[in-house]
Amino acid sequence: MKDFAFDKRGRFIIRDYAGRRPFASFLPGIAGPLGIPLWVFYVNRGQAIASFGVENKDNPIMEFEPANRAYQTTPYTGFRTFLKLKVGEGSALYEPFSPWHAAGTSDMFIGLNELELQTTSTDHGLQTNILYFILPGEPFAGLVRQVTVVNLGDAPAELEVLDGMPRVMPYGVDNRGLKEMGRTTEAWMAVFNLEQGVPFYRFQASAGDTAEVREIRAGHFYLAFDGSGQRLLPFVDPFVLFGQNTALSALPIWAGSGRSPPVGHPAALPGRAFF
């Protein structure tokens, strides 16, 4: 099979993309005649998306990093997918597209208005696809991410899935604030509307070194649905999953232990997504 080719849809295919020399690019900033585009920066590492936001890097939803740092950090701070596979009496933990679980092949498909990743794990009998595209024709900028997991084995399999971003940047903080005063600016960060299942991230007020404090009402938000259209309840605190592992280098704390989360723990609730 060729390392580089085109599929039937005219998309450019890069086989074993994470094993190639690093490169960086942007999704097309087109959202339709009535839409508002995002800038979406991606690299050929991890699950590709290194950062994205509105207008410029001072309005990030995923924190902006230059290419040389994005090659290092994307597998950790970019989108992540954790799968707990149960077959019969046994279970296995698997993170597709991660460099530490390179159990099969991973390909990248670059289209005119989309980016798709596909990996196949022969050890786990699973194929995982991630599709990204810009949300067209809407009065707000949006990135759509579709995750599909296919069981390639003959036996039925039960999956527990965690998927999303380890951290969402709230509206109101610029790139300098994140890079030079990131810990301090956390004091102004807040998440609203979580009880409705649509978390809204924004600063509670301006954090500039000025005499006048202004209210910030704009924000970033997301929605998550399963294949049946049912809304998924989100996690918004990375500590729930990673605990004291601030490097985000391991599987969630409940999964890494090899046992189910305790009753009452947020991870024990079905149909959760984390962002």
Query - Members of segment 133-171 found to be farther than 21 Å from residue 116 by Cβ and among the β-branched types (Val, Ile, Thr), listed by number - result: 168
Requested in this report: Hey, could you check segment 89-119 for residues that are closer than 26 Å to residue 222 by Cβ and small (Gly, Ala, Ser) and say which is surrounded by the fewest Cβ atoms within 10 Å (Cβ to Cβ)?
Outcome: 111
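Residues are listed down the side, and each one gets a yes or a no for (1) more than 26 Å from residue 26 (Cα to Cα); (2) acidic (Asp, Glu); (3) touching a Gly at 6+ places or on another chain (Cβ under 7 Å); (4) surrounded by 17 or more Cβ atoms within 10 Å (Cβ to Cβ):
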position	(1), (2), (3), (4)
87	yes, no, no, no
126	yes, no, no, yes
129	no, no, no, yes
148	no, no, no, no
151	yes, no, yes, no
Query raised in the report: Within the bounds of segment 223-237, is there any residue that is under 15 Å from residue 168 (Cβ atoms), free of Cβ contacts under 8 Å to residues at least 24 places away in the same chain, part of a loop (DSSP other than H, G, I, E, B) and not aliphatic (A, V, I, L, M)?
Result: yes
**Report entry** Answer from 177, 142 - the residue that is of a type in the set (Gly, Ala, Ser) and either modelled with pLDDT of 90 or more or within 20 Å of the chain's Cα centre (by Cα) (or both)
**Finding:** 142
**Report entry** First in segment 69-81 and crowded, with 18+ Cβ neighbours inside 10 Å, second anywhere and in a helix (DSSP H, G or I), Cβ under 7 Å, 6 or more apart
**Finding:** 75/99
Query raised in the report: For residue 21, which of the numbered conditions (1) in contact (Cβ under 8 Å) with a residue 12 or more places away in the chain; (2) part of a loop (DSSP other than H, G, I, E, B) fails to hold?
Result: (1)
Requested in this report: Can you tell me which residue within segment 145-160, out of those that are more than 30 Å from residue 52 (Cβ to Cβ) and of a type in the set (Asp, Glu), is modelled with the lowest pLDDT?
Outcome: 154
Requested in this report: Tally the residues that are under 24 Å from residue 238 (Cβ atoms), out of contact with any Ser or Thr (no Cβ under 7 Å at 6 or more places or on another chain) and not β-branched (Val, Ile, Thr), restricting the search to segment 71-101.
Outcome: 14
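Considering only strands (runs of 3 or more DSSP E) fully contained in segment 130-207, which possess at least 2 residues that are among the charged types (D, E, K, R)?
Once the strands (runs of 3 or more DSSP E) in segment 130-207 are filtered for at least 2 residues that are among the charged types (D, E, K, R), what remains is 158-164.
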Query raised in the report: Which residue pairs have Cβ atoms closer than 6 Å, lie 6 or more positions apart in sequence or on different chains, and pair a first residue in segment 167-183 that is closer than 14 Å to residue 202 by Cβ with a second residue that is surrounded by 15 or more Cβ atoms within 10 Å (Cβ to Cβ) and among the acidic types (Asp, Glu)?
Result: 169/63
Query - Unmet requirement for residue 23, which otherwise passes all of (1) buried (at least 18 other Cβ atoms within 10 Å of the Cβ); (2) out of contact with any helix residue (DSSP H, G or I) (no Cβ under 6 Å at 6 or more places or on another chain); (3) more than 19 Å from residue 146 (Cα to Cα); (4) hydrophobic (A, V, I, L, M, F, W, C) - result: (1)
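The values are calculated or read from the model by the stated rules, or taken from the named source; none is laboratory data. Since the model is a prediction, treat every value here as computed from it, not as a measurement. Cβ atoms come from the backbone with ideal geometry, glycine included; neighbour counts cover every protein chain shown.
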